[in-house]
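Engineer: Please see the structure below; I have some questions.
The values are calculated or read from the model by the stated rules, or taken from the named source; none is laboratory data. Please read these numbers as outputs of a predicted model, since none were measured by experiment. Positions of Cβ are backbone-derived with ideal geometry, glycine not excepted, and every protein chain shown enters the neighbour counts.
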């Protein structure tokens with residue numbers, strides 16, 4: 001049976017706060033939603049808890065209980081960056097890791113097939129725990145068989161390896177619900193009913209759970225009961241983006257090198273923004289020209305901004321400071337840029353759009369000039385409408401403002417149908433077609449493939465319409481979108497496929 005492990009780094013945002021401010025470890029500290037007196041307290045450390053500060057309080061209330069309470073805001077981007085860093089740390093123990101989307105700091109690891117590399121699963125689990133401890137992270141590690149069972153038993157602490165699925169299930173049943181990260185309202189209602197452990201919750205009827213507590217509680221019940229078994233969904237490893245440039249002549253001027261780096265950096269930032277990522281680190285490898293006295297050498301510079309960013313100006317300023325502070329021993333002949341990505345926040349993506357090279361306001365002014373000279377209906381955009389016939393499923397509306405396109409990344413580009421404003425009547429199709437149907441004349445050749453029909457009928461409330469649509473490929477490999485009108489007994493070309 002496949003083995004699964006769960007690694008829990010409890011209160012990850014609070015641990016990130018203490019790593020950033022080590023002096024907060026011995027003083028009352030809290031993680032806030034926002035750094036204002038009305039900001040909500042999300043996590044508190046032990047000294048703050050001893051003073052009576054609890055999660056859910058406002059920062060002002062916490063200060064009234066502990067005058068030296070230190071509240072720090074940890075953004076979602078910083079938490080995501082910490083999750084990525086922990087994922088990369090855990091990859092040295094197994095390649096398949098799934099971070100939890102709902103509970104930052106919880107990771108599921110594939111623990112199967114590790115016996116050739118480690119003496120036992122117990123030693124592997126201790127090595128994982130020891131490595132995180134050396135990295136200043138408190139953690140709990142459980143090796144078991146199911147997703148929920150390993151997650152629930154991590155809340156009891158320590159390093160645990162279950163010999164079989166029955167032992168894991170028995171240990172999970174006695175875990176108090178107060179230790180699990182579940183909806184507080186659900187937890188309080190269950191507590192009033194005397195349901196305080198996972199086992200008592202599992203023993204409740206599933207149908208009643210959905211009816212009384214909703215879909216989320218029903219999903220939790222299915223996970224805990226083992227009725228909903230999800231396979232491990234590992235996160236793919238972070239692949240760096242690279243760019244290589246060969247220089248025609250060796251270059252020693254810092255400003256010209258900076259211009260060349262900017263030329264290759266801009267496309268990399270565009271690729272990151274498309275993938276909703278930001279630059280976490282930039283490695284610059286400069287291949288130096290060889291001389292008679294010195295062999296061919298390579299110089300590596302690493303640029304790490306304060307936080308992942310898409311701001312090219314900020315990155316180039318750091319590059320300029322690094323290159324200007326060192327003297328090149330020889331001219332540069334090759335430049336390699338290696339970008340390490342990290343998940344970008346909405347604010348970073350919006351900042352990248354604001355610094356894009358296209359000026360939308362200039363486009364609006366150009367459209368206004370076209371409308372003023374040629375009329376209001378000269379610049380239009382397509383919009384979807386409710387219609388039964390193909391030509392009635394969209395309409396053209398005047399374009400008021402130019403918006404930036406947001407295409408979704410696709411692995412395979414879809415075909416596009418180009419509509420004709422008025423369908424073109426085609427020559428009749430012969431009954432036997434001895435030489436093939438010359439759909440659009442001899443220059444296109446005869447029809448070699450006809451795919452269909454796709455029947456479209458409608459308009460019975462006005463004028464009945466009955467069409468049989470086909471995709472016809474001619475000898476020159478061009479696809480045509482045609483239909484046969486039953487009422488008019490004629491063929492029409494409605495569009496082309498690109």
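Engineer: Pairs only if they're at least six apart or on different chains, beta carbon under 9 angstrom, first in the range 328-352 and under 29 Å from residue 83 (Cβ atoms) and assigned by TED's automatic domain parsing to the domain that holds residue 274, second part of a helix (DSSP H, G or I) and at pLDDT below 65; list them, first residue then second.
Structural biologist: Sorted first by the residue in the range 328-352, then by its partner, the pairs are 344/352.
Residue-wise test of (1) within 28 Å of residue 362 (Cβ to Cβ); (2) in the same structural domain as residue 479 (by TED's automatic domain parsing); (3) at pLDDT 80 or above.
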residue	(1), (2), (3)
378	yes, no, yes
381	yes, no, yes
384	no, no, yes
389	no, no, yes
401	yes, no, yes
405	yes, no, no
409	yes, no, no
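Engineer: Checking the structure you have, find out if any residue of the range 66-74 is assigned by TED's automatic domain parsing to the domain that holds residue 155 and closer than 30 Å to residue 117 by Cα.
Structural biologist: no
Engineer: What are the residues in the range 111-145 that are modelled with pLDDT under 90 and within 29 Å of the chain's Cα centre (by Cα), if any?
Structural biologist: The answer is 111, 112, 135, 136.
Engineer: What pairs can you find where one residue is in the range 411-422 and exposed (fewer than 10 other Cβ atoms within 10 Å of the Cβ), the other is part of a strand (DSSP E or B) and at pLDDT 80 or above, and their Cβ atoms are less than 6 Å apart, with a gap of 6+ or different chains?
Structural biologist: Note: pairs meeting the criteria are 415/497.
Engineer: Go through the residues of the range 203-212 one by one and say whether even a single one is crowded, with 16+ Cβ neighbours inside 10 Å, over 22 Å from residue 302 (Cβ atoms) and touching a residue at least 24 places away in the same chain (Cβ under 8 Å).
Structural biologist: Initially, the range 203-212 is screened for residues crowded, with 16+ Cβ neighbours inside 10 Å, giving 204, 209-210.
Pick out the ones that are also over 22 Å from residue 302 (Cβ atoms) and you get 204, 209-210.
Checking which are touching a residue at least 24 places away in the same chain (Cβ under 8 Å) leaves us with none.
Checking the range 203-212: not a single residue is crowded, with 16+ Cβ neighbours inside 10 Å, over 22 Å from residue 302 (Cβ atoms) and touching a residue at least 24 places away in the same chain (Cβ under 8 Å).
Residue-by-condition table, conditions (1) within 25 Å of residue 141 (Cβ to Cβ); (2) not assigned by TED's automatic domain parsing to the domain that holds residue 153:
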{"site": "16", "(1), (2)": "yes, no"}
{"site": "34", "(1), (2)": "no, yes"}
{"site": "40", "(1), (2)": "no, yes"}
{"site": "46", "(1), (2)": "yes, yes"}
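Engineer: Check the range 212-234 and report whether any residue there is in a loop (DSSP other than H, G, I, E, B) and within 30 Å of residue 336 (Cβ to Cβ).
Structural biologist: Pass one, the range 212-234, residues in a loop (DSSP other than H, G, I, E, B): 214, 226-234.
If we keep only those that are within 30 Å of residue 336 (Cβ to Cβ) as well, we get 234.
Yes: one or more hits.
Engineer: Going through the range 99-125 one residue at a time, which ones are within 24 Å of residue 340 (Cα to Cα) and touching a helix residue (DSSP H, G or I) at 6+ places or on another chain (Cβ under 9 Å)? Outline the logic, then answer.
Structural biologist: Residues of the range 99-125 within 24 Å of residue 340 (Cα to Cα): 99-101, 104-109.
Residues satisfying the conditions are 99, 100, 104, 105, 106, 107, 108, 109.
Engineer: So, one more: Would you mention how many residues in the range 38-47 are exposed (fewer than 13 other Cβ atoms within 10 Å of the Cβ) and assigned to a loop (DSSP other than H, G, I, E, B)?
Structural biologist: So the first thing to find is which residues in the range 38-47 are exposed (fewer than 13 other Cβ atoms within 10 Å of the Cβ), and the list is 38, 46.
Checking which are assigned to a loop (DSSP other than H, G, I, E, B) leaves us with 38.
Here the count works out to 1.
Engineer: Then there's this: Taking residue 108 as the residue in question, decide whether it is in the same structural domain as residue 147 (by TED's automatic domain parsing) and crowded, with 16+ Cβ neighbours inside 10 Å. If you could, list the steps in order and put the result at the bottom.
Structural biologist: Working: in the same structural domain as residue 147 (by TED's automatic domain parsing): yes; crowded, with 16+ Cβ neighbours inside 10 Å: yes.
When the stated conditions are applied, residue 108 passes them.
Engineer: Could we say that residue 80 is in the same structural domain as residue 10 (by TED's automatic domain parsing) and either part of a strand (DSSP E or B) or more than 27 Å from the chain's Cα centre (by Cα) (or both) here? Don't jump to the end; show me each part of the working.
Structural biologist: Details: in the same structural domain as residue 10 (by TED's automatic domain parsing): yes; either part of a strand (DSSP E or B) or more than 27 Å from the chain's Cα centre (by Cα) (or both): no.
When the stated conditions are applied, residue 80 does not pass them.
Engineer: Still on this structure, I have one more. Quick one: how many residues across the range 60-77 are crowded, with 17+ Cβ neighbours inside 10 Å, under 32 Å from the mean Cα position of the chain (by Cα) and assigned to a helix (DSSP H, G or I)?
Structural biologist: 1
Engineer: Go through the range 154-180 and give me each residue that's outside any helix (DSSP H, G or I) and either outside the structural domain of residue 2 (by TED's automatic domain parsing) or crowded, with 16+ Cβ neighbours inside 10 Å (or both).
Structural biologist: Taking the range 154-180 first, the residues outside any helix (DSSP H, G or I) are 155-164, 174-176, 180.
Scanning the range 154-180 gives 155, 159, 160, 161, 162, 175, 180.
Engineer: Give the residue that is farthest from residue 268 (Cα to Cα), with candidates limited to residues of the range 238-248 that are at pLDDT below 85 and surrounded by 12 or more Cβ atoms within 10 Å (Cβ to Cβ). Give the steps one after another, and end with the answer.
Structural biologist: So the first thing to find is which residues in the range 238-248 are at pLDDT below 85, and the list is 238-240, 248.
Among the residues that remain, those that are also surrounded by 12 or more Cβ atoms within 10 Å (Cβ to Cβ) are: 238, 240.
Details: 238: 15, 240: 10 Å.
Restricting to residues being at pLDDT below 85 and surrounded by 12 or more Cβ atoms within 10 Å (Cβ to Cβ), the top hit is 238.
Conditions tested, residue by residue: (1) in contact with a helix residue (DSSP H, G or I) (Cβ under 7 Å, 6 or more places away or on another chain); (2) farther than 21 Å from residue 108 by Cβ.
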{"position": "129", "(1), (2)": "no, no"}
{"position": "156", "(1), (2)": "no, no"}
{"position": "159", "(1), (2)": "yes, no"}
{"position": "168", "(1), (2)": "yes, no"}
{"position": "178", "(1), (2)": "yes, yes"}
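Engineer: Also: For the range 78-88, which positions are surrounded by fewer than 18 Cβ atoms within 10 Å (Cβ to Cβ) and touching a helix residue (DSSP H, G or I) at 6+ places or on another chain (Cβ under 9 Å)?
Structural biologist: Within the range 78-88, 78, 79 meet the criteria.
Engineer: Continuing with the same structure: Return yes or no: is residue 246 farther than 30 Å from residue 77 by Cβ, assigned to a strand (DSSP E or B), in contact with a strand residue (DSSP E or B) (Cβ under 8 Å, 6 or more places away or on another chain) and not assigned by TED's automatic domain parsing to the domain that holds residue 7? Outline the logic, then answer.
Structural biologist: Details: farther than 30 Å from residue 77 by Cβ: yes; assigned to a strand (DSSP E or B): yes; in contact with a strand residue (DSSP E or B) (Cβ under 8 Å, 6 or more places away or on another chain): yes; not assigned by TED's automatic domain parsing to the domain that holds residue 7: yes.
When the stated conditions are applied, residue 246 passes them.
Engineer: Right, another one. Considering only the range 1-35, state which residues are loosely packed, with under 13 Cβ neighbours inside 10 Å, farther than 16 Å from residue 82 by Cα and in contact with a strand residue (DSSP E or B) (Cβ under 9 Å, 6 or more places away or on another chain).
Structural biologist: Passing the criteria: 2, 23, 34, 35.
Engineer: Another one. Among the residues of the range 359-371, is there at least one that is at pLDDT below 80, farther than 18 Å from residue 474 by Cα, outside the structural domain of residue 278 (by TED's automatic domain parsing) and not in a helix (DSSP H, G or I)? Step through it out loud before you land on a result.
Structural biologist: The first filter runs over the range 359-371 and keeps only residues at pLDDT below 80, leaving 359-360.
From what's left, farther than 18 Å from residue 474 by Cα: 359-360.
From what is left, the residues that are outside the structural domain of residue 278 (by TED's automatic domain parsing) are 359-360.
Checking which are not in a helix (DSSP H, G or I) leaves us with 359.
Yes - at least one qualifying residue is present in the range 359-371.
Engineer: Scanning for something touching a helix residue (DSSP H, G or I) at 6+ places or on another chain (Cβ under 8 Å), farther than 30 Å from residue 3 by Cα and buried (at least 19 other Cβ atoms within 10 Å of the Cβ), does the range 48-56 turn up at least one residue?
Structural biologist: For the range 48-56, residues touching a helix residue (DSSP H, G or I) at 6+ places or on another chain (Cβ under 8 Å), farther than 30 Å from residue 3 by Cα and buried (at least 19 other Cβ atoms within 10 Å of the Cβ): present.
Engineer: Turning to a different aspect of this structure: Which condition number in (1) in contact with a helix residue (DSSP H, G or I) (Cβ under 8 Å, 6 or more places away or on another chain); (2) buried (at least 18 other Cβ atoms within 10 Å of the Cβ) is the one that residue 151 fails?
Structural biologist: The single condition residue 151 does not satisfy is (1).
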